[in-house]
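Novice: Quick one: the structure is below, and I'll ask about it shortly.
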Amino acid sequence: MAAVRHYLQFRDFSRREYAHLFARTRWIKDQFKRYRRYWPLEDRTLAMIFEKQSTRTRLSFEAGMHQLGGAAIFLSTRDSQLGRGEPVEDSAQVISRMCDLVMIRTFEQDVIERFARHSRVPVINGLTNAYHPCQVLADLYTFIEHRGPIRGRTVAWIGDSNNVCNTWLQAAEVLGFKVNVSTPPGYEDGLEKDVRNYEFFADPKRAVKGAHVVTTDVWTSMGFEAENQKRKKHFAGWQVDAKMMRAARKDALFMHCLPAHRGEEVSAAVIDGKQSVVWDEAENRLHAQKALMEFLLLGKVKP
Ligand code: CP
Ligand code: NVA
């Protein structure tokens, strides 16, 4: 039996596999827009385990699985035995004997890695403290839709060195683009260590120069709420505002994984302005993850 493939971080797939996923995303999105039924995962079940809150991830996986002909089951730590200390390894054994696919949103990357090691079925990272690969998958597809191939382009990441940032850094390595990163002093320690395709800038305005995409995220991610007040002070100079967007390329896109805090990491004028593609990013979570689930369960489906 072939080894089970998981999607725990961006570098789990190759450039060729991403090319396949982007092509399938386009086709699956097109079918959806034409109200054409596509049920390759009929009778398959996705288990979704949430240890943190979510709007987009839950909705896109649940709706996506339904639209592919399957079913999705929502489990949270609050109302499952996971919240009462049942070992992750035991939960993986049980859940993966009843379901065909598992998506997990949790805190430590180690939890999802351990789950995957004991799972008979593919496991998808729906966000950990370390990575958010499904988000960047959808964001890259969004870029391609608007501007064509990402290879050779520059993405400016302004703000926290968090899960989404580090996933962009891995994506730059796999797909051959560059990331200019600017974080407040001290936060650069959170950047992925073993990646090469990025340049660090102390000054965010210099980081956005020549960028095809300017992107940011909340200053305080889930699980770090105790640092919120301190972070608001440290990140004050790292808001993406109209002036910062003017320092990027004229045709630069603004991206944000959402939820956003207008007036903190981004000004209302930018997120609600002409360069912003945040609603496309959110919608593309649905289409890209349908392609991801198809790939994990059925392999490379031919067009
Ligand atoms: N971007 C994202 O993952 O959103 P949710 O937290 O709402 O799932
Ligand atoms: N970095 C954010 C992303 C939320 C989708 C967090 O982890 O809370």
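Novice: Report the far tail of the P(r) of the chain, meaning the percent of Cα-Cα pairs longer than 36 Å.
Specialist: Summing the P(r) tail past 36 Å for the chain gives 15 percent.
Novice: Tell me, F32, F254 in order of fewest to most beta-carbon neighbours within 10 Å?
Specialist: Arranged by neighbour count, lowest to highest, F32, F254 become F32, F254.
Novice: Highest mean first, how do 207-213, 22-28 rank when packing is the count of other Cβ atoms within 10 Å averaged over residues?
Specialist: 207-213, 22-28
Novice: State, as an integer percentage, the relative contact order of region 94-233 based on alpha-carbon contacts under 8 Å between residues 6 or more apart.
Specialist: Values: 230 pairs, mean separation 27.8, N = 140.
Relative contact order, region 94-233: 20 percent.
Novice: Shifting gears a bit: Roughly how many whole Å is it from the C-alpha centroid of region 243-303 to that of region 76-125?
Specialist: Rounded to whole Å, the Cα centres lie 28 Å apart.
Novice: Can you put M98, M244, M103, M222 in order, fewest other beta carbons within 10 Å first?
Specialist: M98, M222, M244, M103
Novice: So what is the relative contact order of the chain, in percent, for Cα pairs below 8 Å that sit 6 or more residues apart?
Specialist: 19
Novice: Have a look at M103, M244, A92 and report the one farthest towards the positive end of the charge dipole of the chain, computed about the Cα centre with Cβ charges (Lys/Arg +1, Asp/Glu -1).
Specialist: In the chain, that residue is M244.
Novice: Here is a further query. Quick check on the exposure proxy: order L8, L46, L298 from fewest to most C-beta atoms within 10 angstrom.
Specialist: Sorted ascending by nearby Cβ count, the order is L298, L8, L46.
Novice: Another question, then. Take every Cα pair under 8 Å in region 100-166 that's 6+ residues apart, average their separations, divide by the length, and report that relative contact order as a whole percent.
Specialist: 30
Novice: Under a Cβ-only charge scheme (Lys and Arg +1, Asp and Glu -1), can you give me the dipole magnitude of region 152-303 about the Cα centre, in debye to the nearest 20? Intermediate results must be reported in sequence, preceding the final value.
Specialist: Numbers: 21 positive and 20 negative charges, 105 e Å.
Dipole size: approximately 500 debye.
Novice: Next question. Say R0 is 25 Å: what FRET efficiency, to the nearest 0.05, do R37 and L258 get from their beta-carbon distance?
Specialist: 0.30
Novice: Rounded to the nearest 20 debye, what is the charge dipole size of the chain about its Cα centre when +1 sits on each Lys and Arg Cβ and -1 on each Asp and Glu Cβ?
Specialist: Here the size comes out at about 1120 debye.
Novice: For A3 and H66, what is the calculated FRET efficiency with R₀ set at 22 Å and r taken between the beta-carbons, to the nearest 0.05?
Specialist: Efficiency computed from Cβ-Cβ geometry: 0.15.
Novice: At a Förster radius of 25 Å, what calculated FRET efficiency corresponds to the Cβ-Cβ distance of R114 and K230, to the nearest 0.05?
Specialist: Given R0 = 25 Å and the Cβ-Cβ separation, E is 0.20.
Novice: Want the number for E199 to L298: 0.36 nm per residue separation, take away the alpha-carbon distance, what's left?
Specialist: 31.8 nm
Novice: Any chance you could run the full-extension gain for R246 through A268? It's 0.36 nm times the residue separation minus the Cα-Cα distance, nm to one decimal. It would help to have the intermediate numbers written out before the result.
Specialist: Working: separation 22, 0.36 × 22 = 7.92 nm, distance 1.51 nm.
Value of the extension gain: 6.4 nm.
Values quoted throughout were computed directly from the atomic coordinates according to the rules given, and no laboratory measurement underlies them. Fair warning: this is a prediction, and the values are worked out from it, not measured in the lab. Note that we place each Cβ from the backbone using ideal geometry, even for glycine, and neighbour counts take in every protein chain shown.
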